[in-house]
Amino acid sequence: MLSRKEAIHKIFKTHGTKSLYVTNTGYISRAVYNEFPSSPNILYMQGSMGIAPCIGLGIALNTKKDVVVLSGDGALLMHLGITHTIRDYNLPNLFTYVLDNGCHESVGAYKCSKLENTYPGINKIYKISNDGKLPRVGISSVENKNNFKTCL
């Protein structure tokens, strides 16, 4: 089992700084911002539980750049049908990762249903530890959107 931070660094090391990243709402966005606060190529999905893979798919359909999505297990379960859509599009530039800590952490760490080992359209599920609360993302949604647009 990895820590959330270790899993994030593994994914970012794999895809590098030229890729576009979409992070799921909650602790994943907080953790990514905590590690990479100055990166304009990260779109923090604040307040949109479960739709980061949907947004990542839309972006990947409209760019040749690699698009990397980081979602949580509880968030993926909210919109599980997207996995089949991602599989059906089979885009070579879309990579979707799930960080699985067994709970909906940002709403009180309530247990969620256990994930299967694999899902269509999901590149990898990382089992992670529940590492505690981080400060909120320190960038406004307008500034985040504008920064991300420059990377497109």
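The values are calculated or read from the model by the stated rules, or taken from the named source; none is laboratory data. The structure presented is a predicted model; accordingly, all values stated were derived computationally and were not measured. Here the Cβ positions follow ideal geometry from the backbone for every residue, glycine too, while neighbour counts run over all protein chains shown. In case anyone asks, the SASA skips ligands and DNA or RNA and just uses the protein heavy atoms, side chains included. Shrake-Rupley method; radii C 1.70, N 1.55, O 1.52, S 1.80 Å.
Among the residues making up segment 94-115, those that are at pLDDT 90 or above and open to solvent by 50 Å² or more (accessible area, probe 1.4 Å) are Ser113, Lys114. Within segment 73-88, the set of residues being open to solvent by 10 Å² or more (accessible area, probe 1.4 Å), closer than 30 Å to Thr17 by Cβ and either of a type in the set (Gly, Ala, Ser) or not in a helix (DSSP H, G or I) (or both) comprises just one member, His79.
Every residue, every condition in (1) buried (at least 19 other Cβ atoms within 10 Å of the Cβ); (2) farther than 14 Å from Phe95 by Cβ; (3) of a type in the set (Ser, Thr, Tyr), yes or no:
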position: Val22; (1), (2), (3): yes, no, no
position: Thr25; (1), (2), (3): yes, yes, yes
position: Asn34; (1), (2), (3): no, yes, no
position: Ser48; (1), (2), (3): no, yes, yes
position: Thr63; (1), (2), (3): no, no, yes
position: Asp66; (1), (2), (3): no, no, no
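The set of residues in segment 121-140 that are among the polar types (S, T, N, Q) and either out of contact with any helix residue (DSSP H, G or I) (no Cβ under 9 Å at 6 or more places or on another chain) or modelled with pLDDT of 95 or more (or both) comprises Asn123, Ser140. A count restricted to segment 48-93 and to residues that are under 16 Å from the mean Cα position of the chain (by Cα) and either among the aliphatic types (A, V, I, L, M) or farther than 22 Å from Cys151 by Cα (or both) stands at 24. Only one of the numbered conditions (1) open to solvent by 30 Å² or more (accessible area, probe 1.4 Å); (2) farther than 19 Å from Asn117 by Cβ; (3) of a type in the set (Lys, Arg) is violated by Arg30, and that is (1).
Among the conditions (1) in contact with a helix residue (DSSP H, G or I) (Cβ under 9 Å, 6 or more places away or on another chain); (2) open to solvent by 50 Å² or more (accessible area, probe 1.4 Å); (3) outside any helix (DSSP H, G or I), the only one that Thr118 does not satisfy is (1). Quick check on Ala109: is it of a type in the set (A, V, I, L, M) and either on the phi > 0 side of the Ramachandran plot or over 16 Å from the mean Cα position of the chain (by Cα) (or both)? So Ala109 passes the test. With respect to the conditions (1) crowded, with 22+ Cβ neighbours inside 10 Å; (2) part of a helix (DSSP H, G or I), Ile59 lacks only one, and its number is (1).
Does Val142 qualify as being within 20 Å of Leu43 (Cα to Cα), aliphatic (A, V, I, L, M), open to solvent by 80 Å² or more (accessible area, probe 1.4 Å) and not in a loop (DSSP other than H, G, I, E, B)? Yes: the conditions hold for Val142.
Remark: pairs (first residue in segment 89-102, within 13 Å of Leu20 (Cβ to Cβ) and touching a residue at least 60 places away in the same chain (Cβ under 8 Å); second residue of a type in the set (S, T, N, Q) and open to solvent by 20 Å² or more (accessible area, probe 1.4 Å); Cβ separation under 9 Å; 6+ apart in sequence or on different chains) = Phe95/Thr14; Phe95/Asn123.
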